[in-house]
1. Quick one: if the Förster radius is 25 Å, what FRET efficiency do Asp163 and Arg79 give, using the C-beta to C-beta distance and rounding to 0.05?
2. Count charges around Lys38 for me, please; just the other residues with Cβ under 9 Å from its Cβ, Lys/Arg as +1, Asp/Glu as -1.
3. May I ask you to list the residues of the range 95-137 whose amide nitrogen lies under 14 Å from a point 7 Å from Cα along the Cα→beta-carbon direction of Thr146?
4. Let me spell out the model: positive unit charges on the Cβ of Lys and Arg, negative unit charges on the Cβ of Asp and Glu, origin at the Cα centre of the chain. What dipole size does that give, in debye rounded to 20?
5. Taking Cα atoms, how many degrees apart are the long axis of helix 47-58 and the longest axis of the chain, rounded to 10 and kept between 0 and 90?
6. Net charge within 12 Å of Phe139 by Cβ-Cβ distance, Lys/Arg positive one each and Asp/Glu negative one each, not counting Phe139 itself?
7. Quick check for you: which residues of the range 43-87 have the amide N under 15 Å from the point 7 Å beyond the Cα of His180 toward its beta carbon?
8. Given the -39500 (n - 2.57) contribution per DSSP H run of 4+ residues, what per-residue ellipticity at 222 nm results for the chain, rounded to the nearest 500 deg cm²/dmol?
Amino acid sequence: STARRALPQGLSARRAVLAEPLSVALHAVRRAGDVAGKRVLVTGAGPIGLLVVAVLRHFGAAEIIVSDLLDEPLALATRVGATATVRADRPEEGTRARDADVAIEASGAPAGLRTCVERVRRGGTVVLLGLLPPGETGFPGNVVVTREITLRGSFRFDTDFDDALALLADGIDVEPVITHTFPLARAGEAFELAGDRSRASKVLLDLLDVSAAAVSRSDVSRSDASGTASAE
């Protein structure tokens, strides 16, 4: 259960709020097997995809190629460890994503799944992490057969939460994933921004910023123990 956890010494609440999504990313990378020295493709540079990149870098992936439709998430992917980025809507850039040992689909888009299956090498592994639209999704199944590709699903996490907390306490670089922090009084604005991937990634609500409730800041501790919550 993740209901109650004591934070490791020195881990701020700002970083600790990423423990749950980092657990999801950690579980997906573990489903891929040993990634040390491997060439890995990640489709989708939302918050989960970015955390996948950070975990891949931590576990020693040699190359991490990230694909997305927007420049802003791709810029964040570079900051958390991507060695190359590809605009998914520019076919001429697709050659940079070929022959991956592992592909992790984090976009939840059918096109992302197709890209992973088509770009992974013969005998490679594709991890399906992003939730696809309801109903059936077509993909090049014959490619899976003829190239003996392994497909693995990854849903949330199992026993990864404590390991995610430990990674955060040890300093895994995930700060670029957090792009904005709002006081609770501006929650509506925070949720609106969180839905705009061209401007934001992970958006946090500072639960101890109660200035809108007319409480003096001098009465509120602003230490690293400040409470935060995710708006996404």
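FYI, it's all coordinate maths here, none of it is from the lab. Here the structure is a predicted model, which means the values were calculated and not measured. Cβ: placed from backbone, ideal geometry, glycine included. Neighbour counts: every protein chain shown.
1. Calculated transfer efficiency: 0.65.
2. Details: positive: Arg39; negative: Asp34, Glu63, Asp101.
Residues close to Lys38 contribute a combined charge of -2.
3. Label zone hits: 118-119, 122-123.
4. Details: 27 positive and 30 negative charges, 80 e Å.
In total the dipole reaches around 380 debye.
5. The angle comes out at about 70 degrees.
6. Details: positive: Arg114; negative: Glu105, Glu118, Glu136.
Surrounding charge for Phe139 is -2.
7. 47, 72-73
8. Numbers: 8 runs with 74 residues, N = 232.
Helix-only estimate at 222 nm: -9000 deg cm²/dmol.
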